[in-house]
Amino acid sequence: MTDTITNPEITGEANQFWSVGEEIADAKAPQGIDIDKVWKTRQFQARLVNPANRRKLSVIIVGTGLAGGAAAATLGEAGYNVLNFCYQDSPRRAHSIAAQGGINAAKNYRNDNDSTFRLFYDTVKGGDYRARETNVYRLAEVSANIIDQCVAQGVPFAREYGGLLDTRSFGGVQVQRTFYARGQTGQQLLIGAYQQLERQVAAGTVKMYTRHEMVELIVVDGRARGIVTRNMINGKVETWTADAVVLATGGYGNVFFLSTNAMGCNVTATWRAHRKGAYFGNPCYTQIHPTCIPVHGETQSKLTLMSESLRNDGRIWVPKDAADCTKDPRQIPEEARDYYLERIYPAFGNLVPRDIASRQAKNMCDEGRGVGPAVAEVDHDGNERLVRRGVYLDFSDAINRLGQKAVENKYGNLFDMYQQITGENPYEVPMRIYPAVHYTMGGLWVDYDLQSSITGLYVTGEANFSDHGANRLGASALMQGLADGYFVLPNTINDYLADAPFDKLPEDHPAVAEARDSAQQRIDKLLSIQGTRSVDSYHKELGHIMWEYCGMERTEEGLKKAIGLIQNLREDYWSNVRVTGKNEDFNQALERAGRVADFMELGELMCVDALHRRESCGGHFRAESQTPEGEALRHDDEFLYVAAWEWGGEGSKPVLHREPLIYKAIELKQRSYK
Amino acid sequence: MKLKLRIWRQAGPEAAGRMVEYDLDGVSEDMSFLEMLDLLNENLTERNEEPVAFDHDCREGICGMCGVVINGIAHGGSATTTCQLHMRSFSDGATIDIEPWRAGAFPVLKDLAVDRTAFDRIIAAGGFISSNTGSAPEAHSTPAPKREADKAFDNATCIGCGACVAACPNSSAMLFTSAKITHLAMLPQGQPERYRRVKSMVAQHDEEGFGNCTNIGECAAVCPKGIPLESIAQLNRDLIASLFKGDGK
Ligand SMILES: Cc1cc2nc3c(=O)[nH]c(=O)nc-3n(C[C@H](O)[C@H](O)[C@H](O)COP(=O)(O)OP(=O)(O)OC[C@H]3O[C@@H](n4cnc5c(N)ncnc54)[C@H](O)[C@@H]3O)c2cc1C
Ligand code: SF4
Ligand code: FES
């Protein structure tokens, strides 16, 4: 294998883009015992809070998705006073609702040799050995309880005629461990958590604040003690204090503007915490999902995912000959088609992990064998070119084999959705798909207890960095959200709350006042600029930069360029953005303006992180680091660590803290799906 | 394509509202209805006017947050969500009326955005199965017959958008409430609280100011998830049975 890293100037410890701080480690997972004992031991060691005292303690939870909603319901049940916030009009609308495909659990209901260890192994391998071993093992361990819990709540998982639960397989694995509810698994799981949450609202243990956006974190003497919110109906900026704060605010894929994420997904909560001292882990690790509906035009606002489960029966191909790309696919004979995934990766075929399926789709299109309309692109050197960005996902084999009815039963709603959006009938013409930004594996750094580097600030679900390494296998984010929300956090946070209640904070405490004032000043500043460009136009431009230089493939040169471009764009933003209306109102332009401001800062950090990691792994492909066959090449000797970034201060370089990854239960291997 | 839009503008809950006319050019038929509104809002921002407020999030037809009345029909009349309605359903030069959901229990917050928190309170009144975390039995210990499980599922697909309420001349939320009732009533896990649940949820429904169901059927006609009128019949059967049981609100 060749290692083609050049560019000595960024190999030094410090440089113009970042500086290096001391190493860090997770101090919470018990050491020196077998991996299957770690979670039980930690649970036993963690201190308890007696039920009578829980009533005196309060916890703020921001987010009502699977991670936040489940945690709020569970902590409410346990007897704590929970204050729960979300930006939507109802907790039931959190972005988890959009998940289609399924949720993994090591139940071994199929008798196909599944086990906790195998789920653990697949997840660590799928993450390209960049996740923390102890966390992932725990995730696999509690996965089976999640299914039990959800079934007890009435989540209508798919069942077989005998009345037992059905499962299917997903990318990156060879067992059938994915539980699903048609193409609406996320919705059904979230409704389950939401109902438990509403039950606690009725019981008075949870106070729900919808249409409240967290805009600042309150930290007192190094402890997270509260948040500042903006009431999205009347603009009121308010402070809330508690004994602990939990952020379950989801991912930041919207930094790319076009993504499969809901429009409101943002980084503000975690970014504000980052600026107050919470380390940001692996920010550049973005998952690109291979099966999305391709971009159709400039005014598009989002990309729609077609569930990965389609790859169970759909076959992916492009014409062998570029001259066939404009033909009706039905006229292209079998021997003129290139089922490239089946050809290159015979063991996994169409079910290779997402990063691999995505990159190969891009390669096919770059080679000139993409299908669909040709769209204009500007390449790295500023030249315009026309490229077809699409590959076929073809069900004709499956329809011949199983009959249209059976295919309809399995995937009907997805097919309808495709037709709705594209105006084409996928039962007749193969679907066209292309990769899109989908999920962010990076997030706030947390220890085994899910506590961030700020004492008393916990982070769960997609908002933390912990369990997925450089890539996420399908059906594992829902699993993590619910594992964190129902089982992990409610156990670990007790250890911290055992020292509470902490001193009551008066409204005029300097730290509280400072947080409120700085939030208010930001709002005032955004409204006062009165420039000429809309918030969305900045967001789109940022998205273009991120996708071009920090998307599926990255180079040192491109990333350096991107950092410069983002810095300029940000400067322009703060002098030329136009935010209409006033604060004391329902003002959606203002909401977006605050989020885009934070995305600009995050985008730069993502590029810095991508720049420093001179290896390819998972969804992060560095062109300079590949095997002779063009596969991603890791460098375990140099990069076997989590990059946890500390905010360096306004206008200063971020500080890199490394947490070395230690693998004891699993042997490190080059990932291969061939 | 070119459109004439007539949009309900209302500055706040207490303010008076009115229809305002806008001409919009450059709409492509691949755009979703909300992308068309985005385009209008970009134009308004350019002219330094306030953009139109409307609710949305997933833009995939699943979160239930979007929803406006288009030419008098909730979600525009193709039994889909507003975000999944595409401009190819309209013709060049068309005039389109856009209004918020109209119902006493859904007060207008601004322009096209309304307050639907009453739905959450109906759920809080009993739309759940009481099952504390960590104490659940093994999932396979209670098989669920496929037929009932499928019916439960069909009802569980309700996204809580509120189109049914907006479409109903009585502003009844019975379709929504019945979807939840039927979802849980069809599952073995839902039995212990079945009758208590229906009684409490219907009581809350009435308390919120939603009207009575008089079987008009407009609700099911606009429901993007195809919740059938049959679910309301199921609710009524359970409600009658509940009168002979002691508990519930
Ligand atoms: C289209 C799609 C399909 C998917 N399919 C699958 C799948 O099949 N299987 C799988 O495992 N995973 C899937 N995923 C990934 C998975 O859905 C998410 O990673 C997961 O649901 C995230 O859950 P969460 O609880 O961490 O965050 P979310 O569900 O995103 O919740 C975030 C919450 O935080 C709140 N919030 C955010 N910021 C603020 C703020 N500043 N102030 C107040 N509140 C705030 C929001 O209101 C919301 O309540 C899919 C994702 C997408 C986009
Ligand atoms: S019943 Fe249908 S129309 Fe009514 S809220 Fe549910 S999905 Fe929307
Ligand atoms: S925006 Fe989510 S359903 Fe339309």
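The values are calculated or read from the model by the stated rules, or taken from the named source; none is laboratory data. This is a predicted model, so every value here is computed, not measured. Backbone-built Cβ (ideal geometry, glycine too); neighbour counts: all protein chains shown. Surface areas here come from the heavy atoms of the whole protein model, side chains and all, with no ligands, DNA or RNA. Shrake-Rupley method; radii C 1.70, N 1.55, O 1.52, S 1.80 Å.
The single residue among A:222, A:226, A:162, A:235 that is over 30 Å from residue A:514 (Cα atoms) and either among the small types (Gly, Ala, Ser) or buried (at least 22 other Cβ atoms within 10 Å of the Cβ) (or both) turns out to be A:162. All conditions but one from (1) surrounded by fewer than 24 Cβ atoms within 10 Å (Cβ to Cβ); (2) out of contact with any helix residue (DSSP H, G or I) (no Cβ under 6 Å at 6 or more places or on another chain); (3) within 13 Å of chain A (Cβ to nearest Cβ); (4) modelled with pLDDT of 95 or more apply to residue B:111; the one that does not is (1). Might you check whether a residue that is within 20 Å of residue A:123 (Cα to Cα), among the polar types (S, T, N, Q) and part of a loop (DSSP other than H, G, I, E, B) occurs anywhere in the range A:616-625? Among the residues of the range A:616-625, at least one is within 20 Å of residue A:123 (Cα to Cα), among the polar types (S, T, N, Q) and part of a loop (DSSP other than H, G, I, E, B), which makes the answer yes.
Of the residues making up the range A:415-463, those that are surrounded by fewer than 23 Cβ atoms within 10 Å (Cβ to Cβ) and acidic (Asp, Glu) are A:416, A:424, A:428, A:447, A:449. Let me spell it out: the conditions are (1) under 21 Å from the mean Cα position of the chain (by Cα); (2) hydroxyl-bearing (Ser, Thr, Tyr); (3) part of a strand (DSSP E or B), and residue A:229 meets all of them except one. Which number is the exception? That leaves (1) as the condition not met. Restricting A:127, A:192, A:172 to those that are within 14 Å of another protein chain (Cβ to nearest Cβ), buried (at least 24 other Cβ atoms within 10 Å of the Cβ) and not basic (Lys, Arg) reduces the list to A:192. For the range B:28-37, the candidate set comprises residues that are at the interface with chain A (Cβ under 7 Å from one of its Cβ atoms) and surrounded by fewer than 20 Cβ atoms within 10 Å (Cβ to Cβ); within that set, the residue that is modelled with the highest pLDDT is B:28. Residues in the range B:56-68 that are over 12 Å from the mean Cα position of the chain (by Cα) and under 20 Å from residue B:107 (Cα atoms): 2 in all. If you filter the range A:41-100 down to residues that are among the hydroxyl-bearing types (Ser, Thr, Tyr) and more than 16 Å from ligand 2 (Cβ to nearest atom), you find that the one that is nearest to the other protein chains (Cβ to nearest Cβ) is A:74.
Apart from one condition, residue A:628 fits all of (1) closer than 25 Å to residue A:359 by Cβ; (2) touching a Phe, Trp or Tyr at 6+ places or on another chain (Cβ under 9 Å); the exception is (2).
Among the residues of the range B:79-92, those identified as closer than 18 Å to residue B:55 by Cα and either more than 10 Å from chain A (Cβ to nearest Cβ) or not in a loop (DSSP other than H, G, I, E, B) (or both) are B:82, B:83, B:84, B:86. Here residue A:648 does not fit the description of being surrounded by fewer than 18 Cβ atoms within 10 Å (Cβ to Cβ), in contact (Cβ under 8 Å) with a residue 60 or more places away in the chain and at positive phi. Taken over the range B:158-172, the criterion of being away from ligand 1 (no atom under 16 Å from the Cβ) and under 9 Å from the mean Cα position of the chain (by Cα) is satisfied by B:158, B:161, B:162, B:163, B:164, B:165, B:166. Could we say that residue B:242 is open to solvent by less than 10 Å² (accessible area, probe 1.4 Å), more than 16 Å from ligand 1 (Cβ to nearest atom) and over 14 Å from residue B:174 (Cβ atoms) here? In short, yes. Report yes if residue A:115 is at pLDDT 95 or above, polar (S, T, N, Q) and away from ligand 2 (no atom under 16 Å from the Cβ), otherwise no. So residue A:115 passes the test. Selection of the range B:47-78 for residues being more than 12 Å from residue B:37 (Cα to Cα) and either more than 11 Å from chain A (Cβ to nearest Cβ) or not in a loop (DSSP other than H, G, I, E, B) (or both) yields B:69, B:70, B:71, B:72, B:73, B:74, B:75, B:76, B:77.
Please work out which one of (1) modelled with pLDDT under 95; (2) within 20 Å of residue A:258 (Cα to Cα) is the condition residue B:79 fails and give its number. Every condition holds for residue B:79 apart from (2).
Do we find that residue A:354 is basic (Lys, Arg) and at pLDDT 95 or above in this structure? Considered against the rule, which asks whether it is basic (Lys, Arg) and at pLDDT 95 or above, residue A:354 comes out as no. Please determine whether any residue of the range A:320-340 is open to solvent by 10 Å² or more (accessible area, probe 1.4 Å) and within 16 Å of the chain's Cα centre (by Cα). Scanning the range A:320-340 turns up no residue that is open to solvent by 10 Å² or more (accessible area, probe 1.4 Å) and within 16 Å of the chain's Cα centre (by Cα). Residue B:192 fulfils the conditions (1) part of a loop (DSSP other than H, G, I, E, B); (2) open to solvent by 50 Å² or more (accessible area, probe 1.4 Å); (3) facing chain A (nearest Cβ under 10 Å) except for a single criterion, (3).
Checked against the criteria, residue B:19 does not count as touching a Phe, Trp or Tyr at 6+ places or on another chain (Cβ under 8 Å), more than 16 Å from ligand 3 (Cβ to nearest atom) and either over 23 Å from residue A:589 (Cβ atoms) or assigned by the TED database to the domain that holds residue B:163 (or both). Here is the figure for the range A:66-85: residues that are open to solvent by 10 Å² or more (accessible area, probe 1.4 Å) and either of a type in the set (Ser, Thr, Tyr) or within 15 Å of ligand 3 (Cβ to nearest atom) (or both) total 1.
Among the residues making up the range B:141-153, those that are free of Cβ contacts under 8 Å to residues at least 12 places away in the same chain, open to solvent by 50 Å² or more (accessible area, probe 1.4 Å) and part of a helix (DSSP H, G or I) are B:141, B:147, B:150. Once the range A:105-117 is narrowed to residues that are more than 18 Å from residue A:159 (Cβ to Cβ) and not in a helix (DSSP H, G or I), the residue that is nearest to ligand 3 (Cβ to nearest atom) is A:106.
Here is a yes/no grid of residues against (1) within 25 Å of residue B:116 (Cα to Cα); (2) open to solvent by less than 10 Å² (accessible area, probe 1.4 Å); (3) in contact (Cβ under 8 Å) with a residue 24 or more places away in the chain:
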{"site": "B:10", "(1), (2), (3)": "yes, no, yes"}
{"site": "B:39", "(1), (2), (3)": "no, no, no"}
{"site": "B:49", "(1), (2), (3)": "no, no, no"}
{"site": "B:63", "(1), (2), (3)": "yes, yes, yes"}
{"site": "B:88", "(1), (2), (3)": "no, no, yes"}
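When residue A:466 is tested against (1) open to solvent by less than 10 Å² (accessible area, probe 1.4 Å); (2) at pLDDT 95 or above, just one condition goes unmet, and that condition is (2). For the range A:285-313, filtering for residues that are away from every other protein chain (no Cβ under 14 Å) and surrounded by fewer than 24 Cβ atoms within 10 Å (Cβ to Cβ) leaves 2.
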